[in-house]
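One structure is given here, and the rest of the page talks about it.
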Amino acid sequence: MKKQLKTYILILIAMVTVESGRAQNPIITKLFTADPAPMVYHDTVFLYTGHDTASVTATNYHMPDWHVFSSTDMVHWKDYGACLSPKNFSWATGDAYAAQCIYRNGKFYWYVATFHKKDKNSNGGAAIGVAVSDRPTGPFKDAIGKALITNEMTTDMKYGWDDIDPTVFIDDDGQAYLFWGNGSCKWIKLKDNMIEADGPIHTFKPKHYIEGPWVYKRKGLYYLVYAGAGTKPEMIEYCTAESPEGPWTYRGIIEGNVENSFTTHPGIIDYHGKTYFFYHNGALPTGGSYRRSICVDYMYYNPDGTIKKVIQTKKGVKPVK
Ligand code: FUB
């Protein structure tokens, strides 16, 4: 009996130790971060984020730059600081909205949403640019010298901030696609150089679509995950398709409303045999819709490829062994 009790206590201690080694949500607590874009490169997870610096009483975003973090265990995150800002784009002005960095042919391409100065190329409004670097943490520089997408290139939404939230997906045959948009989802094929459109802009409206697309492929099926208006405020919903060019079939809600933030935003990776779902909420002390924080929880698939609803936790994910 005594031996059994000892074993039980040891198991309990081990469980508590593992539990306290977990990531804890939000995962970044030294600053307010939003719009997570994780990328796995050489067995390290790089996390590209926006940065909320609005005051507690602000009623809009103040986002001066984009930050990079990395981890090899999904619990401890190394901070590389602000690695890119709208100031790095001569044509840009204003906030650093959602962005995503991907690797191709020895270079890292960081697609960003920001705002265009009034000049000969645009009358202003949201725009998408690309920065490039030889390393995942920079230094990054403007890859084109002008915006890849300006507000004037899409006209289906009659406001100036619909060209935001770029996500890039490279298919197995090497064809790269850029998806983006608020109000409607837009996409183009990219040339191999990753900085030029290869064909026209296509526009469509997935069910409940608001913004923040994230596109990937798993077991031959394409997934389009996005912030949607299942109920207000935002939820994360998704579609699947047999081709990245659609047609897309609505599949449901992945993540319900988040704590204390009107928006949330998806970023999904597989790492060491598990699927991780990154998102943001407003859960840090003094946080809110303009002072958000990035979290990560596990994501699971059903045998038919549909996605189970993500359970948002405070304790976060376990360390990767
Ligand atoms: O962070 C600014 C904007 O809020 C993003 O571009 C949207 O996806 C939403 O998260």
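Bear in mind these aren't lab numbers, they're just calculated from the coordinates by the rules spelled out. Only a predicted model underlies this, so the values are computations on that prediction, with no experimental measurement involved. In this analysis, Cβ positions are derived from the backbone assuming ideal geometry, glycine residues included, and neighbour counts consider all displayed protein chains.
List the residue pairs whose Cβ atoms are under 7 Å apart, where the first residue sits in the stretch 79-91 and is under 14 Å from residue 111 (Cβ atoms), the second is acidic (Asp, Glu) and assigned to a loop (DSSP other than H, G, I, E, B), and the two are 6 or more positions apart or on different chains.
84/65
Can you name the condition, by its number, that residue 40 falls short on among (1) touching a residue at least 40 places away in the same chain (Cβ under 8 Å); (2) within 16 Å of the ligand (Cβ to nearest atom); (3) within 16 Å of the chain's Cα centre (by Cα)?
Result: residue 40 passes all but (2).
Test residue 113 against the criterion of being under 23 Å from residue 216 (Cβ atoms), in a strand (DSSP E or B), aliphatic (A, V, I, L, M) and within 15 Å of the ligand (Cβ to nearest atom), and give yes or no.
Spelling it out, residue 113 is indeed under 23 Å from residue 216 (Cβ atoms), in a strand (DSSP E or B), aliphatic (A, V, I, L, M) and within 15 Å of the ligand (Cβ to nearest atom).
Can you report the number of residues in the stretch 127-141 which are free of Cβ contacts under 8 Å to residues at least 40 places away in the same chain and in contact with a Gly (Cβ under 9 Å, 6 or more places away or on another chain)?
1
Suppose the filter is surrounded by 24 or more Cβ atoms within 10 Å (Cβ to Cβ) and under 24 Å from residue 266 (Cβ atoms); does residue 102 pass it?
No; evaluated as a whole, the condition is false for this residue.
Can you work out which of the residues in the stretch 81-98 that are assigned to a strand (DSSP E or B) and within 18 Å of residue 134 (Cα to Cα) is farthest from the ligand (Cβ to nearest atom)?
In this case the residue turns out to be 81.
Can you tell which of 282, 305 is on the phi > 0 side of the Ramachandran plot and touching a residue at least 12 places away in the same chain (Cβ under 8 Å)?
After ruling out the rest, the residue left standing is 305.
Filter the stretch 208-244 for residues that are among the β-branched types (Val, Ile, Thr) and in contact with a strand residue (DSSP E or B) (Cβ under 6 Å, 6 or more places away or on another chain) and give the result. Spell out the reasoning first.
First pass over the stretch 208-244, keeping only residues among the β-branched types (Val, Ile, Thr): 210, 215, 225, 231, 236, 240.
Passing the criteria: 210, 215, 225, 236, 240.
Quick grid of which residues meet (1) part of a strand (DSSP E or B); (2) within 15 Å of the ligand (Cβ to nearest atom):
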{"site": "226", "(1), (2)": "yes, yes"}
{"site": "236", "(1), (2)": "yes, yes"}
{"site": "240", "(1), (2)": "yes, no"}
{"site": "245", "(1), (2)": "no, no"}
{"site": "252", "(1), (2)": "yes, no"}
{"site": "261", "(1), (2)": "no, yes"}
{"site": "269", "(1), (2)": "yes, no"}
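Name the single residue that is farthest from residue 189 (Cα to Cα) among those in the stretch 238-261 being of a type in the set (Ser, Thr, Tyr) and in contact (Cβ under 8 Å) with a residue 60 or more places away in the chain.
Here is the first cut: in the stretch 238-261, the ones of a type in the set (Ser, Thr, Tyr) are 238, 240, 243, 249-250, 261.
Then drop every residue that is not in contact (Cβ under 8 Å) with a residue 60 or more places away in the chain, which leaves 238, 240.
On the way: 238: 21, 240: 18 Å.
Checking each candidate, the answer is 238.
Among the candidates 270, 297, single out the residue that is closer than 22 Å to residue 76 by Cα, in contact with a strand residue (DSSP E or B) (Cβ under 6 Å, 6 or more places away or on another chain) and among the acidic types (Asp, Glu).
Going through 270, 297 in turn, just one is closer than 22 Å to residue 76 by Cα, in contact with a strand residue (DSSP E or B) (Cβ under 6 Å, 6 or more places away or on another chain) and among the acidic types (Asp, Glu): 297.
Take the residues in the stretch 207-224 that are touching a residue at least 24 places away in the same chain (Cβ under 8 Å), in a loop (DSSP other than H, G, I, E, B) and away from the ligand (no atom under 15 Å from the Cβ), then tell me which one is nearest to residue 270 (Cα to Cα).
Checking each candidate, the answer is 219.
So, of the residues in the stretch 281-311 that are in a loop (DSSP other than H, G, I, E, B) and within 16 Å of the ligand (Cβ to nearest atom), which turns out to be surrounded by the most Cβ atoms within 10 Å (Cβ to Cβ)?
292
Give the residue, chosen from 102, 144, 164, that is touching a residue at least 40 places away in the same chain (Cβ under 8 Å), within 24 Å of residue 47 (Cα to Cα) and not in a loop (DSSP other than H, G, I, E, B).
On inspection, the qualifying residue turns out to be 102.
So residue 187 fits all but one of (1) among the hydrophobic types (A, V, I, L, M, F, W, C); (2) part of a strand (DSSP E or B); (3) within 14 Å of the ligand (Cβ to nearest atom); what number is the exception?
If we test residue 187 against (1) among the hydrophobic types (A, V, I, L, M, F, W, C); (2) part of a strand (DSSP E or B); (3) within 14 Å of the ligand (Cβ to nearest atom), just (3) comes out false.
Scan the stretch 216-235 residue by residue and report those that are hydroxyl-bearing (Ser, Thr, Tyr) and either exposed (fewer than 14 other Cβ atoms within 10 Å of the Cβ) or within 15 Å of the chain's Cα centre (by Cα) (or both).
216, 223, 226, 231
Tally up the residues in the stretch 112-154 that are on the phi > 0 side of the Ramachandran plot and either crowded, with 23+ Cβ neighbours inside 10 Å or over 22 Å from the mean Cα position of the chain (by Cα) (or both), please.
Residues flagged as on the phi > 0 side of the Ramachandran plot and either crowded, with 23+ Cβ neighbours inside 10 Å or over 22 Å from the mean Cα position of the chain (by Cα) (or both) within the stretch 112-154 amount to 2.
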